[in-house]
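Heads up, the thing below is written out as structure tokens.
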Amino acid sequence: MSRFIDTIVAMSAKSPNGLTTGEPHEPVRRTWAEIHRKARAGAAELVAGGLQPGDSVAILAADVAQVAHTVQSVWLAGGSTTMLHEPGHRANPAAWQAATLQALRTVHADLVLLGRPYESFAEVLRAHGFAARAIDETERPGAGEAFVPVEVGEDAPALLQLTSGSTAEPKAVRVTHGNVMANLEDFSAARGFGRPDDVMVSWVPMFHDMGLVGCFLGSLTTGMEYVAITPAEFLGYPGLWQELMHKYRGTMTAAPNFSYVLMARQLAATEPGSLDLSCVRIMGNGGEPIDPDAMHRLMAAGAPFGLAPETLACVYGAAENGVLITITPEGERMVVDVVDAAALEKNRRAVPAAADAAPGEVRRFPLLGYVLPSVSARIVGDKGEVLGEREVGTIQLRGASVAAAYSTEAGIVPATDADGWLDMGDEGYFVGDRLVVCGRRKDIIIVGGRNIFPTDIERAATGADGVRAGNVIAVRVAADGVGGIEKESFAVLVESRQHDDPAAAERIRDAVAARVLSDVGVRPARVLVLPPATLPKTSSGKLRRAAARDLL
């Protein structure tokens, strides 16, 4: 039996802790033992229904408690799981359905399990040739009392994790039992998961590797208490997140940068003394570019509530490594590397900036900690040569936790080269043993021989009056002559509540262009002022830069 399954079985038997869902209206707590008993019953039903070892099972459900036992059922029955993306409140139903069917073809789904509120989707799935069952059909009390988990090895797939890459060639990361357990052991040991008083509080969805592996499995495999709300509950009222940390004495959480921006706003508007966040010891920030200035604002806003600066852990992660790749040491505050913009963008070197450099002459990146023990990381140049400290290039990974393959509609394809190295598609550099990530290679905007990362443009544009903070996207614009654009450039798309006032919109366009020129040294070819809720986002609220190009 894999160590992953052994750990789940053992921890479910001995831990008194469990999972709380349903906040803020109807909180319900279930112990890990209760959830595991239901998982065994579900596994017995799946095997009786014909599920074979190695079968690919996709799951679509909104109820975290339902997902918690269903994923275990699939693993105990010898299958691999794929968490399907739920539609966001702004999703086009037809587009979401098409994307879901494509995802099922990508993972070659043998079965789709449907939970609340998606049971009615079964008819559509069957019409397209996919077997589908309601999760409720597998929930038969007592069915798993004599069930023995199906034997699986370390190389068997545990997760086929959908990526957010190109829609032209969708793929899913093939994460094995050995991969996921190596990563869980790495980060759990590095930050001491599972201490007697530990409580994880999360809103990150289970279809995201941060939610599924980092928060859920990080809690389950260490026997930690876990409080989970859905993205819809969080986005509907962002203040609920910190209120639950206060209520349950949460010690850990993890989320992408934008949600900490929302937390800072909420705390700034909260009555001092109404929350006690001194219990929090880890707030992992990853999954998207980290804005150091926004994190400084968060720490300032959180100080009156006992939130210590040392709680913030800026990290680098990816589904190709389970979830986490780097982690910052406990007790260490965020460290920001301030580098010379010209050396970075023209010479691809992260040279420390002069102390008296103007704001537009520097770029600021948080150090993302050290690489976890099961991973080796290196930076390589355009010709594959290994680069030295502070030389900017492509990040590559190799190790026990690194996935070796992707699942595609055409079949399984290698993720690594002949020597086991995985190209992450991210640009970065090392400062000593600490990793810095500059941005996605495919998103780099090349203007006048400079390699500009869109996050620098977006942060500058956010400072313009009238722009909705956190609702800005910079995208590359091809030199096709359309709209008078004769050479490679970029556009900036911003949301504003003043979008329908022509004079105000014009002022915002001018202000954005001026701010970007001042801070980054380049002028956008176009600035679009859009209504609120226009920029494309994932169902967990993250901006989708590639999809935003369709708005041009």
Looking at the range 410-528 from every direction and averaging, what is the projected area of its Cα convex hull in nm²?
-> 11.6
Taking square-rooted eigenvalues a ≥ b ≥ c of the alpha carbon gyration tensor, is the range 278-374 rounded, prolate or oblate, where a/c under 1.5 means rounded and, failing that, a/b exceeding b/c means prolate?
-> oblate
Please list the non-local residues whose amide H lies under 5 Å from the amide H of Ala318, H modeled 1.01 Å from N, same-chain partners needing a gap of 5 or more.
-> Val323, Leu324, Ile325
Computed label-point distance, nm, for sites Ala232 and Asp550 using a 7 Å Cα→Cβ extension = 2.2
Note, the range 287-292: 3J(HN,Hα) by Karplus (6.51, -1.76, 1.60, θ = phi - 60°), whole Hz, Gly/Pro = x, goes x, 7, x, 9, 8, x
Kirkwood Rh, Cα Rg: Rg to Rh for the chain?
-> 0.96
Inter-part distance where the range 379-449 and the range 202-235 are each reduced to a Cα centre, Å | 27
Suppose R0 equals 22 Å; then what is the FRET efficiency for Phe121 and Ala94 from their Cβ-Cβ distance, rounded to the nearest 0.05?
-> 0.95
Scan around Gly399 for amide H atoms under 5 Å from its own, H built in the peptide plane at 1.01 Å from N, and keep only partners 5 or more places away or cross-chain.
-> Ser376
Paramagnetic label zone (point 7 Å from Cα along Cα-to-C-beta, Val413; backbone N under 20 Å) in the range 97-111 | 99-109
Measuring from the longest principal axis of the C-alpha atoms of the chain, the long axis of helix 257-268 (C-alpha) lies at a number of degrees, nearest 10, equal to 80
Inter-site label distance for Arg105 and Arg364 at 7 Å from Cα along Cβ, in nm = 4.6
Under the Karplus relation with 6.51, -1.76 and 1.60 and θ = phi - 60°, whole-Hz ³J(HN,Hα) for the range 330-340, x at Gly and Pro, equal 5, x, 9, 7, 4, 10, 10, 8, 9, 10, 5
Could you size up the charge dipole of the range 445-551 around its Cα centre, putting +1 on the beta carbon of Lys and Arg and -1 on that of Asp and Glu, and report it in debye to the nearest 20?
-> 340
Calculate how steeply helix 3-14 sits against the longest principal axis of the alpha-carbon atoms of the chain, using the helix alpha-carbon long axis, and give the answer as 0 to 90 degrees to the nearest 10.
-> 70
With runs of 4+ DSSP H residues as the only contributors, calculate the mean residue ellipticity of the chain at 222 nm using -39,500 (n - 2.57) per run, divided by the residue total and rounded to the nearest 500.
-> -8500 deg cm²/dmol
Once both labels are modelled 7 Å past Cα along the beta-carbon direction, what's the Glu145-Met1 spacing in nm?
-> 1.9
Once amide H atoms are placed 1.01 Å from N in the peptide plane, what residues at a sequence separation of 5 or more from Arg281, or on another chain, have their amide H within under 5 Å of its amide H?
-> Met252
Among 495-506, 432-443, 350-361, the order from most to least packed when residues are scored by Cβ within 10 Å on average = 432-443, 495-506, 350-361
Trypsin sites (Lys or Arg not before Pro) restricted to the range 22-108 and DSSP loop, no more than 11 other C-beta within 10 Å = Arg90
Residue-ordered couplings for the range 396-412, obtained by feeding phi - 60° into the Karplus form 6.51 cos²θ - 1.76 cosθ + 1.60 and rounding to whole Hz (Gly and Pro as x), are 10, 10, 8, x, 5, 8, 8, 5, 9, 8, 10, 9, 10, 4, 7, x, 7
Distance violations [Cα-Cα > 24 Å] among Lys346/Lys542; Lys442/Lys542; Lys346/Lys442; Lys38/Lys171; Lys442/Lys537 = Lys346/Lys542; Lys38/Lys171
Which percent, nearest 5, of DSSP beta bridges in the range 3-314 are antiparallel?
-> 25
For the Cα atoms of the chain, what angle does the longest principal axis make with the long axis of helix 93-106, in degrees from 0 to 90, nearest 10?
-> 70
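Computed from the coordinates by the stated procedures, all read-outs in this text should not be read as laboratory data. Everything quoted here is computed from the prediction, not taken from an experiment. FYI the Cβ positions are ideal-geometry reconstructions off the backbone, even for glycines, and counts take in every protein chain you see.
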